[in-house]
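Here is the structure we will look at.
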Amino acid sequence: MAEGRRLKKRKTSIKKNTLNPSYNEALVFDVPHESVHHVSLTIAVVDYDCIGHNEVIGLCRVGGDAEGPGREHWAQMLANPRKPIEHWHTLVEEKALGVSAKGASRDKPSVAVEPLGPD
């Protein structure tokens, strides 16, 4: 996200028939070094349903405009270019991040994001 607009979207694979999915995937976003202080990541955890609609369980935001752990995670990433930085994030309802409400708050596994340096 930059200035309230979604710039890119990435998805992990779908883990079927489990209430405790495990992911070992990297999602890469190319962000110019001069723009890194003006962007943020909004991470949505979605319950995939074969029948009906998929339900957003919760969201978290990582970036300079995030609050608490999301801002701390972003600062650690910027201080350690090209190094994966893991951090636990608590999910919040969609309305808490300024979107329509559908989900519920839950603790979910960590998010590891590897920033690219200014090469």
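The values are calculated or read from the model by the stated rules, or taken from the named source; none is laboratory data. Given the structure is predicted, the values throughout are model-derived calculations rather than measurements. Counting neighbours? That spans all protein chains shown, and the Cβs are built from the backbone with ideal geometry, glycine included. Surface accessibility is based on the protein's heavy atoms, side chains included, excluding ligands, DNA and RNA. Shrake-Rupley method; radii C 1.70, N 1.55, O 1.52, S 1.80 Å.
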When both residues are 6+ apart or on different chains and their Cβ atoms are under 6 Å apart, which pairs have a first residue that lies in region 23-46 and is closer than 23 Å to Ser13 by Cβ, and a second that is among the basic types (Lys, Arg) and crowded, with 17+ Cβ neighbours inside 10 Å? Thr42/Arg61
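Looking only at residues that are part of a loop (DSSP other than H, G, I, E, B) and within 25 Å of Ile85 (Cα to Cα) in region 45-66, which one is most open to solvent (accessible area, probe 1.4 Å)?
Taking region 45-66 first, the residues part of a loop (DSSP other than H, G, I, E, B) are 48-54, 64-66.
Keeping just the survivors that are within 25 Å of Ile85 (Cα to Cα) gives 64-66.
Details: Gly64: 37, Asp65: 94, Ala66: 3 Å².
Among those residues, the one meeting the criterion is Asp65.
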Name the residues in region 1-25 that are under 15 Å from the mean Cα position of the chain (by Cα), open to solvent by less than 90 Å² (accessible area, probe 1.4 Å) and not small (Gly, Ala, Ser), would you? Met1, Leu7, Thr12, Glu25
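Consider Leu19 carefully, then state whether it is more than 16 Å from Met1 (Cα to Cα) and without any contact (Cβ under 8 Å) to a residue 24 or more places away in the chain. Break it down into steps so the answer makes sense when it comes.
On the way: more than 16 Å from Met1 (Cα to Cα): yes; without any contact (Cβ under 8 Å) to a residue 24 or more places away in the chain: yes.
Judged against the criteria, Leu19 is a match.
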Number of positions in region 67-81 that are surrounded by fewer than 18 Cβ atoms within 10 Å (Cβ to Cβ) and either of a type outside the set (D, E, K, R) or touching a Phe, Trp or Tyr at 6+ places or on another chain (Cβ under 8 Å) (or both): 8
Can you pull out the residues in region 26-44 that are over 17 Å from the mean Cα position of the chain (by Cα) and either open to solvent by less than 80 Å² (accessible area, probe 1.4 Å) or closer than 18 Å to Pro69 by Cα (or both)? Pro32, Ser35
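Of all residues in region 18-44, count the ones that are assigned to a loop (DSSP other than H, G, I, E, B) and out of contact with any Ser or Thr (no Cβ under 6 Å at 6 or more places or on another chain). Please lay out each step first, then the result.
Start the filter on region 18-44 by keeping residues that are assigned to a loop (DSSP other than H, G, I, E, B), which leaves 18-32.
Within this subset, residues satisfying the condition of being out of contact with any Ser or Thr (no Cβ under 6 Å at 6 or more places or on another chain) are 18-22, 24, 26-32.
Looking only at that region, the number is 13.
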When the residues of region 82-95 are filtered to those that are out of contact with any Cys (no Cβ under 9 Å at 6 or more places or on another chain) and open to solvent by less than 70 Å² (accessible area, probe 1.4 Å), which remaining residue is modelled with the lowest pLDDT? Glu94
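When you look at Gly70, is it small (Gly, Ala, Ser) and in a loop (DSSP other than H, G, I, E, B), yes or no?
On the way: small (Gly, Ala, Ser): yes; in a loop (DSSP other than H, G, I, E, B): no.
For Gly70, the condition - small (Gly, Ala, Ser) and in a loop (DSSP other than H, G, I, E, B) - is not met.
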Conditions (1) under 18 Å from Lys11 (Cβ atoms); (2) modelled with pLDDT under 85; number of the one not met by Ala104: (1)
